[in-house]
């Protein structure tokens, strides 16, 4: 295929899918975009914004004649999407996804695509927001953000390059790692933080004095809990798909909390200060490396 | 005293103390500000910014002739500050503090001020940042933020009004509650979130693959961990001072995490989605009430 995409199909036209399309359009890298989704109002929104040019009722029909397909549904819905695509997938078409877990998505894709698996290049943009839906999409969502590819042994260099080029055109920094490593890293730095944040809001919101508590909360609680405004179905699927790695991370985090709890129980101010100092230094070093 | 402060003493010229002074100066409500602190470089910075007009070597000397004294040190250092002030405190002077815990500060003030306790009106601005020191101070830090007063039975209405008026001049919304209630509420919505955030960074930073993990982290981890960049000594003191309430909050949070862990262990997607949905609704309702 050429450097430009003639027919892009986006299955799941939410924040991620619609932003991909807007970014490619903004870069002049796509001719026509067909959107497939469950919610008519959201698809109408995507049409009105120019994120997609037309709506297809079914991914099966949309896939026909497509040269590039992005599956950007919640990971739990990807099996169905791959299954529909499979029947109409042209031999030169390239398929990628935007799922936050990779091993589960790859297994699903293998089952659905069969011999066509070489055409599927798994990917994950480290971008997003607690906003969801096409209405929140922007052409700049991926600018200077990381896009992780976890290529399969079956992928041709051309297929990988095609997906890489598309994401680079969106402004993303493309890196590669294996799917196992991806899932382990993301369990620690993304999936666990979502659980941490959801648990905090859930605990506070369930109390009789919740209104009183939230009335006196400031920017600290707001930041810690931003991730708790994330899409429940999407995060349910991610947690289930990356269950084992996430359980391991959760246990480590529970141990870290217990360590703080023990220091507090013993009124061990020196230990608390030691932990707080180490944490502050680590966070400051990280944000300094990433431009503050 | 008149509506304007003739001599303001700020003991602890950090983000909180220097911002108070800058706000009052900006409002034209203070004639002269004397700063007392431990770190010469920070005091020089406060002088250079115009947050203070002069430096006093000791709170004892500074208190002489002051009509308004703000103690804005870490709460663990307040006993010493009150003790120094006590010997030179004029009979019409008003003292307040900016400590994040109130019962411990009040006990400390009672011990140090003795019969002068009626002149101490305890307060806590719900404002701050992970930045610290005078360099981070701004005249607008308290604008539209809550300032909680926890007046003592001994306080005269005039003393309370004086402190209330000063904070209102800084742009703060002043509310009142009892110290016990303050400490319980803040343990839940501020002190616990700091532990949650410190524990997460500490856990990740202590691992052999920490560099790899942070390299692939995005804005989600950044938000959840912002509080972990907070001042270690200040937060050590707060945790110790509000130990009992905070231990209770930590246990509740550990239970909430365990509930998520159990759902994940059982691959109970419906339960995960139920909790995530409830949390998202609660957080969105809260931020909507507070202007998004």
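Values as computed for the structure displayed
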read-out: Sole residue being farther than 20 Å from residue B:287 by Cβ, out of contact with any strand residue (DSSP E or B) (no Cβ under 6 Å at 6 or more places or on another chain) and not in a helix (DSSP H, G or I), chosen from A:188, A:208; value: A:208
read-out: Test: residue in the range A:211-232 that is closer than 19 Å to residue A:105 by Cα and either at pLDDT 95 or above or in the same structural domain as residue A:122 (by TED's automatic domain parsing) (or both); value: yes
read-out: Answer from B:65, B:14, B:28 - the residue that is at positive phi and in contact (Cβ under 8 Å) with a residue 40 or more places away in the chain; value: B:65
read-out: Meets criteria (buried (at least 17 other Cβ atoms within 10 Å of the Cβ) and assigned to a helix (DSSP H, G or I)) for residue B:213; value: yes
read-out: Hits in the range A:223-241 - residues which are crowded, with 23+ Cβ neighbours inside 10 Å and over 14 Å from residue A:129 (Cβ atoms); value: A:224, A:225, A:236, A:237, A:238, A:239, A:241
read-out: Failed condition for residue B:92, given (1) over 21 Å from residue B:7 (Cα atoms); (2) outside any helix (DSSP H, G or I); (3) out of contact with any strand residue (DSSP E or B) (no Cβ under 6 Å at 6 or more places or on another chain); value: (1)
read-out: Boolean, residue B:203 is farther than 29 Å from residue A:212 by Cβ and in a helix (DSSP H, G or I); value: yes
read-out: Selection count, the range A:125-149, where residues are closer than 25 Å to residue A:233 by Cβ and either out of contact with any strand residue (DSSP E or B) (no Cβ under 7 Å at 6 or more places or on another chain) or part of a helix (DSSP H, G or I) (or both); value: 13
read-out: Near pairs, Cβ below 6 angstrom, 6+ apart or cross-chain, from the range A:264-289 (more than 7 Å from chain B (Cβ to nearest Cβ)) to any residue that is surrounded by 15 or more Cβ atoms within 10 Å (Cβ to Cβ) and assigned to a helix (DSSP H, G or I); value: A:271/A:263
read-out: Some residue of the range A:163-184 being closer than 30 Å to residue B:143 by Cα, assigned to a loop (DSSP other than H, G, I, E, B), more than 10 Å from every other protein chain (Cβ to nearest Cβ) and touching a residue at least 12 places away in the same chain (Cβ under 8 Å); value: no
read-out: Residue count for the range A:13-41, restricted to those that are crowded, with 19+ Cβ neighbours inside 10 Å and under 19 Å from residue A:131 (Cα atoms); value: 12
read-out: Residue satisfying all of: in the range A:150-202; over 18 Å from the mean Cα position of the chain (by Cα) and within 30 Å of residue A:223 (Cβ to Cβ); surrounded by the most Cβ atoms within 10 Å (Cβ to Cβ) among these; value: A:201
read-out: Any hit, the range A:106-129, residues being at pLDDT below 95, more than 20 Å from residue A:180 (Cα to Cα), within 14 Å of another protein chain (Cβ to nearest Cβ) and surrounded by fewer than 20 Cβ atoms within 10 Å (Cβ to Cβ); value: yes
read-out: Which listed residue is closer than 21 Å to residue A:5 by Cα, out of contact with any strand residue (DSSP E or B) (no Cβ under 6 Å at 6 or more places or on another chain) and surrounded by fewer than 19 Cβ atoms within 10 Å (Cβ to Cβ), from A:83, A:50; value: A:50
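Yes/no matrix, rows are residues, columns are (1) on the phi > 0 side of the Ramachandran plot; (2) touching a residue at least 60 places away in the same chain (Cβ under 8 Å); (3) within 7 Å of chain B (Cβ to nearest Cβ):
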residue	(1), (2), (3)
A:197	no, no, yes
A:203	no, no, yes
A:208	no, no, no
A:216	no, no, yes
A:219	no, no, no
A:225	no, no, yes
A:234	no, yes, no
A:237	no, yes, no
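The values are calculated or read from the model by the stated rules, or taken from the named source; none is laboratory data. As the structure is a computational prediction, the values presented were derived from the model and not from experiment. Methodologically, a virtual Cβ is constructed for each residue, glycine included, from the backbone with ideal geometry; neighbour enumeration extends over all protein chains shown.
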